[in-house]
Amino acid sequence: GENVEQHPSTLSVQEGDSAVIKCTYSDSASNYFPWYKQELGKGPQLIIDIRSNVGEKKDQRIAVTLNKTAKHFSLHITETQPEDSAVYFCAASISHNNDMRFGAGTRLTVKP
Amino acid sequence: EAGVTQFPSHSVIEKGQTVTLRCDPISGHDNLYWYRRVMGKEIKFLLHFVKESKQDESGMPNNRFLAERTGGTYSTLKVQPAELEDSGVYFCASSQLRGAEAFFGQGTRLTVV
């Protein structure tokens, strides 16, 4: 089955700097890659996703890149703000065909 | 539109006791998932319902865990008898399409002492 690895487990950046979180997956058939943000006391919320027919997707300060050949995808947050502090999870699935598998999460701390 | 709701938000029980967690998915979402996160580890898949049917329960740890979704609406996850290693945050999620965008509840933090 699918195995997703996520790095780093913790990340601390200064406000205004960029943050990058990386994930690798094992199943070459996976074609849907969402990123979730979990704030304290809340459930994970989808912040951005990418499908295998594109290599990059951007939404304001957040971008995700996908390298299908290498089987890895990354989350990029630019101009970080304290409210970006949370735990971020990557996931992979074969859309419509199987269930999502998640990475172990990255605790991002943005220091003001 | 109401999101996915879970009850209770926290539960502390003694080893050997029984606990039942409840999840109300978003109305109209046929797909309902249970996940668990043990401290510092990945959000691990437990099982998947399509309406009232168990589509995949390959992630259920053992037969002390029983999930139901009678009528294809809300779902319950019962742990009986609870063991220390069952402690963690149990998340429920629902989606319209399998493997597509899933909406999560706030989770139930279970502590077995």
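The values are calculated or read from the model by the stated rules, or taken from the named source; none is laboratory data. Bear in mind the structure is a predicted one, so any value in this text is a computation, not a measurement. Reconstructed Cβ throughout: ideal geometry from the backbone, glycine too, with neighbour counts over all protein chains shown. For the accessible areas, the whole protein counts, side chains as well, though only heavy atoms, and no ligand, DNA or RNA atoms are used. Shrake-Rupley method; radii C 1.70, N 1.55, O 1.52, S 1.80 Å.
Just to be sure, is B:Leu77 buried (at least 21 other Cβ atoms within 10 Å of the Cβ) and away from chain A (no Cβ under 12 Å)? Answer is yes for this residue. Counting only strands (runs of 3 or more DSSP E) that fall entirely inside region A:1-95 and contain at least 2 residues that are open to solvent by less than 50 Å² (accessible area, probe 1.4 Å), away from chain B (no Cβ under 14 Å) and of a type outside the set (Val, Ile, Thr), the qualifying elements are A:62-67, A:72-77. When restricted to residues that are polar (S, T, N, Q), surrounded by fewer than 22 Cβ atoms within 10 Å (Cβ to Cβ) and outside any loop (DSSP other than H, G, I, E, B), region B:96-113 contains 1. Just a yes or no: is a residue in region B:57-74 facing chain A (nearest Cβ under 9 Å), modelled with pLDDT under 95 and open to solvent by 10 Å² or more (accessible area, probe 1.4 Å)? Yes, some residue in region B:57-74 is facing chain A (nearest Cβ under 9 Å), modelled with pLDDT under 95 and open to solvent by 10 Å² or more (accessible area, probe 1.4 Å). Scanning region B:25-42 for residues that are touching a residue at least 24 places away in the same chain (Cβ under 8 Å) and either closer than 22 Å to A:Val4 by Cα or within 13 Å of another protein chain (Cβ to nearest Cβ) (or both) returns B:Pro25, B:Ile26, B:Asp30, B:Asn31, B:Leu32, B:Tyr33, B:Trp34, B:Tyr35, B:Arg36, B:Arg37, B:Val38, B:Met39.
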